[in-house]
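Worksheet: one structure, shown below.
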Amino acid sequence: MLPPQVLVALFVLLLAVVIPLFAVTIQLSRYIHWSFWADKATRGERPHFTGPVLALVFSTLAASDFVGYEPFLTISAMNPVPIEARAYFTVAMLALAVWCWAYGRSIRDRVLGMIGVRAS
């Protein structure tokens, strides 16, 4: 039996991957509705994906060492961080996921500004 701390950590990693995946799914359904069925005069601006997608990427990197399924095994094998520092890596990736979720739109605007594309 695993200690309670490990079970809580695994549950947090599960939530860290499932919540952004669920948010991306919701945004995708909102985008499909916005594109095809919403009234063009009143539909507002298009749904944005930057925050949830970046959060999903970083939370997947954080969970890659703890999940034994593909593509997590391949991601874990390609990770250049030594085994001794993987706990720090996991915490850093979770912190980046939260930061990207909070500031996704400004990250997108800054990247587009750096490559010279006008953000809409």
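The values are calculated or read from the model by the stated rules, or taken from the named source; none is laboratory data. Nothing here was measured: the structure is a model prediction, and the numbers come from that model. In this analysis, Cβ positions are derived from the backbone assuming ideal geometry, glycine residues included, and neighbour counts consider all displayed protein chains. Protein only, heavy atoms only, side chains kept; ligands, DNA and RNA dropped before computing areas. Shrake-Rupley method; radii C 1.70, N 1.55, O 1.52, S 1.80 Å.
Can Leu112 be described as out of contact with any Gly (no Cβ under 8 Å at 6 or more places or on another chain) and open to solvent by 40 Å² or more (accessible area, probe 1.4 Å)? Considered against the rule, which asks whether it is out of contact with any Gly (no Cβ under 8 Å at 6 or more places or on another chain) and open to solvent by 40 Å² or more (accessible area, probe 1.4 Å), Leu112 comes out as yes. Ser59 - would you say it is touching a Ser or Thr at 6+ places or on another chain (Cβ under 7 Å) and buried (at least 16 other Cβ atoms within 10 Å of the Cβ)? When the stated conditions are applied, Ser59 does not pass them. Of the residues in the stretch 35-54, at least one is among the hydroxyl-bearing types (Ser, Thr, Tyr) and crowded, with 17+ Cβ neighbours inside 10 Å. Figure legend. Inter-residue proximity from the stretch 19-39: first residues touching a residue at least 40 places away in the same chain (Cβ under 8 Å), second residues assigned to a helix (DSSP H, G or I) and of a type in the set (S, T, N, Q), beta-carbon distance below 7 Å, spacing 6+ or different chains. Indicated pairs: Pro20/Ser59.
Among residues of the stretch 79-108 being small (Gly, Ala, Ser), within 27 Å of Leu28 (Cβ to Cβ) and open to solvent by less than 40 Å² (accessible area, probe 1.4 Å), the one that is farthest from the chain's Cα centre (by Cα) is Gly104. Here is the figure for the stretch 63-118: residues that are among the β-branched types (Val, Ile, Thr), touching a residue at least 12 places away in the same chain (Cβ under 8 Å) and more than 17 Å from Phe11 (Cα to Cα) total 2. Looking across the stretch 62-78, the residues that are surrounded by 15 or more Cβ atoms within 10 Å (Cβ to Cβ) and either farther than 23 Å from Val24 by Cβ or among the aromatic types (Phe, Trp, Tyr) (or both) come down to Phe66, Phe72.
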